[in-house]
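J.: Encoded as structure tokens, here's the structure I'll be asking about.
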Amino acid sequence: MICKNNSRKFLLPAPLLALAVISSLAMRAVGRATTTPASNSPTPKTISIAEARGLPLGTVVTVDGSVTAPSGAFSSSTFDQGFAIQDRTGGIYVSVADNLGLETRRQVRVTGQLADSFGLLILIPSDSDDVKPHGRGPKAQPLPVTTGAVGEATEGKLVRIRGMITQPIVNDPPFGFIIVLNDGSGEVNSFVCASTGIDVSGLSPGQTIEVTGFSGQFADHFEVDPRFQDDIQVVS
């Protein structure tokens with residue numbers, strides 16, 4: 001979700017969904033997704049998230065997973081009220097216009113169309129009826145990875161990284177804050193969305209921190225996006 005020159009670009013769910021979400025924001029002229037959801041497509045069988053991630057853009061899929069990033073957590077960056085889900089095979093971000101109040105560990109079955117959002121694979125339901133909560137799911141355990149290993153292989157999953165803050169923290173309003181970390185294996189961005197309410201005022205270059213969050217991407221930047229204050233822990 002990080003773009004060049006430290007300026008956060010807008011992540012619109014799709015031309016159809018963008019009209020519903022940000023019609024009043026004339027500054028947002030670029031549609032986020034390359035495809036538009038097909039509302040009349042037949043509902044396919046439920047498949048694993050990993051299998052869904054391997055299908056072509058525009059494919060309508062049904063997946064089932066436990067919520068790892070709650071509804072609207074990243075809204076200051078995505079300008080939607082989406083959430084992330086994960087099963088035992090992988091994870092994916094689900095882009096919706098309405099805040100469905102989904103908290104972590106809520107089990108959800110989602111039917112939607114695969115689309116690209118500036119390099120991030122997302123799932124776009126036609127409407128809220130295509131998101132069906134059904135009970136409490138397992139707690140997703142974050143995957144420990146090195147800072148240099150955050151990439152396509154981890155995208156969509158809940159991950160945990162630990163590294164030193166190597167650059168001054170950048171305030172990129174109204175989107176959030178850019179923190180650059182390196183554990184010796186390579187730098188990676190952690191993007192703290194303003195909508196999470198996470199306080200980064202106590203962080204500074206030279207500190208070693210541990211960050212748990214959604215493994216995402218914006219353009220040519222991979223990143224880890226924390227969801228809650230406790231997702232950032234100062235180690236030293």
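J.: One residue is enough: does region 187-194 have a residue meeting the conditions part of a loop (DSSP other than H, G, I, E, B) and at pLDDT 95 or above?
T.: No, that holds for no residue.
J.: If you go through region 169-210 one residue at a time, how many are within 16 Å of F222 (Cα to Cα), open to solvent by 30 Å² or more (accessible area, probe 1.4 Å) and out of contact with any helix residue (DSSP H, G or I) (no Cβ under 6 Å at 6 or more places or on another chain)?
T.: 2
J.: With respect to the numbered conditions (1) more than 23 Å from D230 (Cα to Cα); (2) within 15 Å of the chain's Cα centre (by Cα), which one is the sole condition not fulfilled by F175?
T.: F175 satisfies every listed condition except (1).
J.: Sticking with this structure for a sec: So which residues in region 134-160 are among the hydrophobic types (A, V, I, L, M, F, W, C), under 16 Å from the mean Cα position of the chain (by Cα) and modelled with pLDDT of 95 or more?
T.: Selection gives L143, V150, A153, L158, V159.
J.: Can you tell me which residue is most open to solvent (accessible area, probe 1.4 Å) among those in region 85-103 that are in contact (Cβ under 8 Å) with a residue 60 or more places away in the chain and in a loop (DSSP other than H, G, I, E, B)?
T.: Only one residue fits best here, namely A97.
J.: Can you work out which of the residues in region 104-134 that are assigned to a helix (DSSP H, G or I) and closer than 21 Å to K45 by Cβ is most open to solvent (accessible area, probe 1.4 Å)?
T.: Residue satisfying both the conditions and the ranking: D129.
J.: Among A52, A38, which is modelled with pLDDT under 95, of a type in the set (G, A, S) and within 17 Å of D116 (Cα to Cα)?
T.: Residue meeting the stated conditions: A38.
J.: β-branched (V, I, T) and in contact with a Leu (Cβ under 6 Å, 6 or more places away or on another chain) - does that describe any residue in region 87-97?
T.: Looking for residues that are β-branched (V, I, T) and in contact with a Leu (Cβ under 6 Å, 6 or more places away or on another chain), one finds at least one in region 87-97, hence yes.
J.: Out of all the residues in region 135-163, which are closer than 28 Å to F79 by Cβ, open to solvent by less than 10 Å² (accessible area, probe 1.4 Å) and without any contact (Cβ under 8 Å) to a residue 60 or more places away in the chain?
T.: Listed by number, the list holds a single entry, T147.
J.: For residues in region 56-83 being among the hydroxyl-bearing types (S, T, Y) and open to solvent by less than 10 Å² (accessible area, probe 1.4 Å), which is farthest from F118 (Cα to Cα)?
T.: Here the residue is S66.
J.: So T166 ticks every box in (1) surrounded by 14 or more Cβ atoms within 10 Å (Cβ to Cβ); (2) in contact with a strand residue (DSSP E or B) (Cβ under 8 Å, 6 or more places away or on another chain) but one. Which box is left unticked?
T.: Of (1) surrounded by 14 or more Cβ atoms within 10 Å (Cβ to Cβ); (2) in contact with a strand residue (DSSP E or B) (Cβ under 8 Å, 6 or more places away or on another chain), only one is false for T166: (1).
J.: Select from region 175-212 the residues that are without any contact (Cβ under 8 Å) to a residue 60 or more places away in the chain and closer than 24 Å to D87 by Cβ and list them in ascending order.
T.: Passing the criteria: only V211.
J.: Looking at region 201-224, which of the residues that are under 19 Å from the mean Cα position of the chain (by Cα) and assigned to a loop (DSSP other than H, G, I, E, B) is farthest from V188 (Cα to Cα)?
T.: If we take residues in region 201-224 being under 19 Å from the mean Cα position of the chain (by Cα) and assigned to a loop (DSSP other than H, G, I, E, B), then A219 is farthest from V188 (Cα to Cα).
J.: Does V30 fit the bill of being modelled with pLDDT of 95 or more, of a type outside the set (G, A, S) and either within 23 Å of P173 (Cβ to Cβ) or crowded, with 22+ Cβ neighbours inside 10 Å (or both)?
T.: The answer is no for V30.
J.: Please work out if T43 is open to solvent by 40 Å² or more (accessible area, probe 1.4 Å), of a type in the set (S, T, N, Q) and either assigned to a loop (DSSP other than H, G, I, E, B) or modelled with pLDDT under 95 (or both).
T.: yes
J.: Can you tell which of T146, T212, T196 is touching a Ser or Thr at 6+ places or on another chain (Cβ under 6 Å) and of a type in the set (V, I, T)?
T.: T146
The values are calculated or read from the model by the stated rules, or taken from the named source; none is laboratory data. Note that the structure is a prediction, hence the values are computed from the model and not measured. Quick reminder, even Gly has a Cβ in these numbers, built from the backbone with ideal geometry, and neighbours come from all protein chains shown. Side chains are part of the model used for accessible areas, which takes the heavy atoms of the whole protein and leaves out ligands, DNA and RNA. Shrake-Rupley method; radii C 1.70, N 1.55, O 1.52, S 1.80 Å.
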